[in-house]
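The values are calculated or read from the model by the stated rules, or taken from the named source; none is laboratory data. Because the structure is predicted, anything quoted here is derived from the model rather than measured. Every residue, glycine among them, receives a Cβ derived from its backbone with ideal geometry; neighbour counts consider all protein chains shown. Accessible surface areas use protein heavy atoms only, side chains included; no ligands, DNA or RNA. Shrake-Rupley method; radii C 1.70, N 1.55, O 1.52, S 1.80 Å.
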Amino acid sequence: MKRLLIFLLCATALFGCGRKQKEIVIIPDIEKNHLQRSHIFGQVKAIESESVALVPDSAGGFVAGDTLSRIVQHFSPDGYLTNIIKLGNDGDTVSKEIITYSSEAKELAHETYDGENILKRKTTFDYNRYGFKSKESCYLLDSLLYFIDYKTDDKGNVIEMTHNRGGVAMRSRIAYNKAGLVARIEEFEPSGKLFKYATVEYDNYGDEVNRRVFKTGDELIEYTYTEYTQEGRVVKIIYEDRLHSLREVSVFSDYDEHGNWTKEEKSVNNRPIYCRNRNITYY
């Protein structure tokens, strides 16, 4: 009996902890680059994504239909998004968004151009004397579309956002856990009354697993569950909108040598909707 107990303890140590093969390092949200925020591994140079509709065939299954979108994202060697290019079915550029940064890797501006290289939309960012984000302003052509005022803690984490658009101000408040990851988001009406809040839960590796959204009165209205392999690869995301009886399931597969998925199949209320394929290149 004693030998059996020792064996079980050893087996638990070896296999029960899943990904526990090296020291766990959780990166706080404030320190993450764009790749880390998107759960993408490796020194990625570019990601080209193509989404195609899934349509019923004569055999009762689903086959690829029209192309829905083609997008190319480019990243800097240190993992920050530098531009997003949307392509038409003929391969021509439909729009291009360019992101610029300071020497400290702080976002300065997002500029969106149409296929004729005419600036259509621009978002700028301001920072306070401590180098923390203080304001975001978005312009559509020459008109101010909205602006967001930010409040941060002593680490630079955004703890409050006030979104101003058309004379209406909507405030959000954000709280973090001990690891520096977003744990709760509260949204308030213009009157200041709380109308919705979200809670976020993580596994031992700092990967988000559960996100729940509640109305005032603690009524669950939205739910997102993310499943991973023992190596930390995303395999499934389930999203439920209970107010509109909507259930979306994304299943990921065909991982490359870095552990990044290259195929996503999405269904809505048990009906296949689209398939997205990714081609990832590295530095």
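Odds and ends about this structure:
- For segment 173-283: rounded, prolate or oblate by the Cα gyration tensor [a/c cutoff 1.5]: oblate
- For the chain, accessible area per residue (1.4 Å probe, heavy atoms of protein chains only), Å²: 62 Å²
- Heavy atoms of Asp218 accessible to a 1.4 Å probe, total area in Å² rounded to 10: 110 Å²
- Within the full protein context, the accessible area of Thr199 is estimated at about 40 Å² for a probe radius of 1.4 Å.
- Close amide H pairs (under 5 Å, H built 1.01 Å from N) link Tyr274 with Leu54, Lys266, residues at least 5 positions away or on another chain.
- Remark: the Ser191-Ala175 segment gains 3.6 nm on full extension, using 0.36 nm per residue and subtracting the alpha carbon distance.
- Per DSSP, loop GluC sites (Glu not before Pro) in segment 241-283 with at most 16 further Cβ within 10 Å: Glu257
- Prolate is the label for segment 91-213. Its Cα gyration tensor axes, ordered a ≥ b ≥ c, give a/c of at least 1.5 and a/b above b/c.
- Over the residues of the chain, the helix contribution to mean residue ellipticity at 222 nm works out to -2000 deg cm²/dmol, using -39500 (n - 2.57) for each DSSP H run of at least 4.
- Averaging 1/r over every pair of different alpha carbons in the chain and inverting the result gives a Kirkwood radius of 22.0 Å.
- Taken one residue at a time, the phi angles of segment 194-199 give Karplus couplings (6.51, -1.76, 1.60, θ = phi - 60°) of 5, 10, 7, 8, 10, 10 Hz. Gly and Pro are set to x.
- Those aspartates and glutamates that a straight Cα-Cα span of less than 13 Å connects to Lys135, excepting residues fewer than 8 apart in one chain: Glu107, Asp126, Asp149, Glu160
- Exceeding the 27 Å Cα-Cα cut-off - candidates Lys45/Lys263; Lys32/Lys215; Lys178/Lys215; Lys86/Lys122; Lys122/Lys266: Lys32/Lys215; Lys122/Lys266
- Segment 147-216 - percent of accessible surface contributed by carbon and sulfur, probe 1.4 Å: 52 percent
- Accessible surface of segment 40-118 [probe 1.4 Å, protein heavy atoms]: carbon and sulfur percent: 51 percent
- The GluC sites (Glu not before Pro) of segment 111-218 meeting both criteria, a DSSP state outside H, G, I, E and B (loop) and at most 10 other C-beta atoms within 10 angstrom of the site's C-beta, are Glu116.
- The C-alpha radius of gyration of segment 148-229, expressed as a fraction of 2.2 N^0.38 Å, stands at 1.21.
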